[in-house]
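Quick note: the coordinates plus some simple rules give every number you see, no bench work behind them. Please read these numbers as outputs of a predicted model, since none were measured by experiment. Cβ placement follows ideal geometry from the backbone for every residue including glycine, while neighbour counts extend to all protein chains displayed.
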Amino acid sequence: MQDEVQAIWLKTQKTVLLITHDIDEAIYLSDRVIVFTARPGQIKDEVTISFDRPRSLDVTEHLGLRLWPERFQ
């Protein structure tokens, strides 16, 4: 499904709001990731993903929890 979402975005260039708990998915599909706190949900951090599109799932192997462990706790 991730590849299909990316293909649709590449074709239409429309803004998409994606809500996920999967950090690798957020990195793969997003240009910007907003990290929320637990209850009450408030913005904790904003991360810009600056990799060219189309992206490969290999991108997530270089990022995610290994790169930003303190941001996602």
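Given 0.36 nm per residue, what is the gain on full extension from ASP3 to ILE19 after removing their alpha carbon distance, in nm? Let's see the in-between values first.
On the way: separation 16, 0.36 × 16 = 5.76 nm, distance 1.62 nm.
Length difference between fully extended and current span is 4.1 nm.
Tally Lys and Arg at +1 and Asp and Glu at -1 over the other residues with C-beta under 10 Å from the C-beta of THR48: what net charge comes out?
Working: positive: ARG32; negative: ASP31, GLU46.
Neighbour charge sum, excluding THR48 itself: -1.
Place the peptides 18-29, 33-44 in order of packing, highest mean first, counting for every residue the other Cβ atoms within 10 Å and averaging per peptide.
Numbers: 18-29: 16.2, 33-44: 10.5.
So the peptides 18-29, 33-44, ranked by packing, come out 18-29, 33-44.
Starting at the first residue of the range 9-18, write each ³J(HN,Hα) from the Karplus equation 6.51 cos²θ - 1.76 cosθ + 1.60 with θ = phi - 60°, in whole Hz, x for Gly and Pro.
Using θ = phi - 60°, the values come out as 5, 4, 6, 9, 6, 7, 5, 10, 9, 10 Hz.
Hey, rough spin-label estimate for ILE34 and SER56, points 7 angstrom out along Cα→Cβ, what's it come to in nanometres?
3.2
Summing Lys, Arg as +1 and Asp, Glu as -1, what charge do residues with Cβ under 14 Å from the Cβ of ILE19 carry, ILE19 excluded? Mind dumping the intermediate values first?
On the way: positive: ARG32; negative: ASP22, GLU25.
Charge balance in the 14 Å sphere: -1.
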